[in-house]
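Peer 1: A single structure is presented below for examination.
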Amino acid sequence: MSNAYLDALKKRRTQYSLGRNLSASKEQLATLIQDAIKHSPSSFNSQSSRAVILFGAESVKLWDLAIEAVRKVAPAEGFDKTEAKLKSFAAGVGTVLFFEDQDVVRSLQEKFALYADNFPVWSEQAGGMAQLSVWTALANADVGASLQHYNPLIDGIVASEWKLPASWKLRAQMPFGSNENGFGDKGFMDDAERFRVIG
């Protein structure tokens with residue numbers, strides 16, 4: 001059976017070779033990203049996901065700051081490869097910073113004490129769905145992206161640089177831009193090892 005959503009999901013791939021050759025405007029891309037997050041599910045409709053969308057020089061600044069943060073903790077030997085990887089993220093059009101608002105989590109824990117232990121988990125699930133939604137929406141618009149996790153190393157730097165609320169917990173970074181390389185074959189494990197269809 002044909003399914004447009006699955007067709008879009010299959011286009012979502014990790015792209016490390018990013019460029020700035022996109023026809024979509026910053027406004028169009030920002031709207032696409034915001035809509036993807038807005039329409040992603042969350043427990044109790046908590047809408048706990050937050051995002052900062054950095055374009056141009058602001059995105060480059062993020063990855064410059066990340067390079068210096070990583071340099072302080074990474075071995076000097078071979079750091080040139082790490083630096084090149086981080087610079088490749090800056091080569092795109094922008095970066096989405098994904099956060100989960102801990103004030104929302106705490107409020108739900110107080111309001112629904114029976115489920116208090118679950119709300120941090122459900123918040124992470126909401127964040128994951130928001131990230132996948134954005135990634136798939138970008139891929140469907142022929143925009144390349146990857147998902148990175150330099151948190152918590154850069155948490156304080158990001159919060160300070162862009163004056164973000166203390167309750168916003170950084171969960172992931174998604175550099176995006178034009179696809180400057182193709183994609184190799186993607187392997188999958190055997191369905192019999194992964195799924196059970198019963199009934």
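Peer 1: Considering all projection directions equally, how large on average is the shadow of the alpha-carbon convex hull of the chain, in square nanometres?
Peer 2: 14.8
Peer 1: Turning to a different aspect of this structure: Gap in Å between the Cα centre of region 1-21 and the Cα centre of region 77-125?
Peer 2: Value for the Cα centre distance between the two parts: 22 Å.
Peer 1: Two-decimal Rg/Rh of region 39-121 from alpha-carbon positions, Kirkwood Rh?
Peer 2: When Rh is taken as the Kirkwood radius, the ratio is 1.17.
Peer 1: Just to be sure I follow the definition: excluding the sites themselves, where is the longest run in the chain that has none of the trypsin sites (Lys or Arg not before Pro) in a DSSP loop with at most 10 other Cβ atoms within 10 Å?
Peer 2: After excluding every exposed loop site, the longest remaining stretch is 73-162.
Since every read-out is calculated from the coordinates, none of them should be taken as a lab result. Every value quoted in this text rests on a predicted model; they were computed, and no experiment measured them. FYI the Cβ positions are ideal-geometry reconstructions off the backbone, even for glycines, and counts take in every protein chain you see.
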